[in-house]
Amino acid sequence: MMGMSDGIRSCRMIPMHRGNLRMRIYERENFGGQMHEMMEYCDSIQERYRMFDCQSCNVMDGHWLMYEQPHFRGRMMYMRPGECRGFREMGMSAMRFMSMRRIVDSCN
């Protein structure tokens, strides 16, 4: 987790991933409500999908960052491949995720 300051509070090595990046986001816990499959970044799930909350997800391929506010602002959470039935189980009960971006290798 990273706070809303200008300092780095933590860092993590992320394994390199080659190939497609896919994640399904769900409006409610336990994969309920609206579902959208993403392969690209989304700067606002509210504007793009008319979705007002994301409470569970399934990262099928790749690594993603989920942000608390639209346009990649606020606190963020790193998501690796696997299912997350609800963010409460991860200690994120008060957070709403409103934007997501893929983590890609940018070095040539």
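Closer than 20 Å to PHE87 by Cβ, among the acidic types (Asp, Glu) and not in a loop (DSSP other than H, G, I, E, B) - does that describe any residue in segment 20-32? Taking every residue of segment 20-32 in turn, at least one turns out to be closer than 20 Å to PHE87 by Cβ, among the acidic types (Asp, Glu) and not in a loop (DSSP other than H, G, I, E, B).
Do you know which residues across segment 1-14 are at pLDDT 75 or above and open to solvent by 70 Å² or more (accessible area, probe 1.4 Å)? Across segment 1-14, the qualifying residues are CYS11, MET13.
Looking only at segment 55-71, which residues are surrounded by 17 or more Cβ atoms within 10 Å (Cβ to Cβ) and touching a Ser or Thr at 6+ places or on another chain (Cβ under 8 Å)? MET66, TYR67 - these are the residues of segment 55-71 that are surrounded by 17 or more Cβ atoms within 10 Å (Cβ to Cβ) and touching a Ser or Thr at 6+ places or on another chain (Cβ under 8 Å).
Could you check segment 78-95 and list, in sequence order, the residues that are closer than 18 Å to GLU27 by Cβ and either of a type in the set (Lys, Arg) or open to solvent by 60 Å² or more (accessible area, probe 1.4 Å) (or both)? Step through it out loud before you land on a result.
Quick first cut of segment 78-95, residues closer than 18 Å to GLU27 by Cβ only: 79, 83-90, 92-95.
Result: GLU83, ARG85, ARG88, GLU89, MET90, SER93, ALA94.
Okay, residues lined up against (1) among the charged types (D, E, K, R); (2) at pLDDT 90 or above:
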{"position": "ILE45", "(1), (2)": "no, yes"}
{"position": "ASN58", "(1), (2)": "no, yes"}
{"position": "MET76", "(1), (2)": "no, no"}
{"position": "ARG96", "(1), (2)": "yes, no"}
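Considering segment 26-42, the residues that are of a type outside the set (A, V, I, L, M) and under 9 Å from MET100 (Cβ atoms) include one that is surrounded by the most Cβ atoms within 10 Å (Cβ to Cβ), namely CYS42.
Here GLY74 clears all of (1) over 24 Å from MET16 (Cβ atoms); (2) part of a strand (DSSP E or B); (3) open to solvent by 50 Å² or more (accessible area, probe 1.4 Å) except the condition numbered (3).
The values are calculated or read from the model by the stated rules, or taken from the named source; none is laboratory data. Predicted, not measured: the structure shown is a model, and the values here were computed from it. Neighbour counts are summed over all protein chains in view; Cβ atoms, including those assigned to glycine, are modelled from backbone coordinates with ideal geometry. Note: accessible area is taken over every heavy atom of the protein model, side chains too, but ligands, DNA and RNA are not part of it. Shrake-Rupley method; radii C 1.70, N 1.55, O 1.52, S 1.80 Å.
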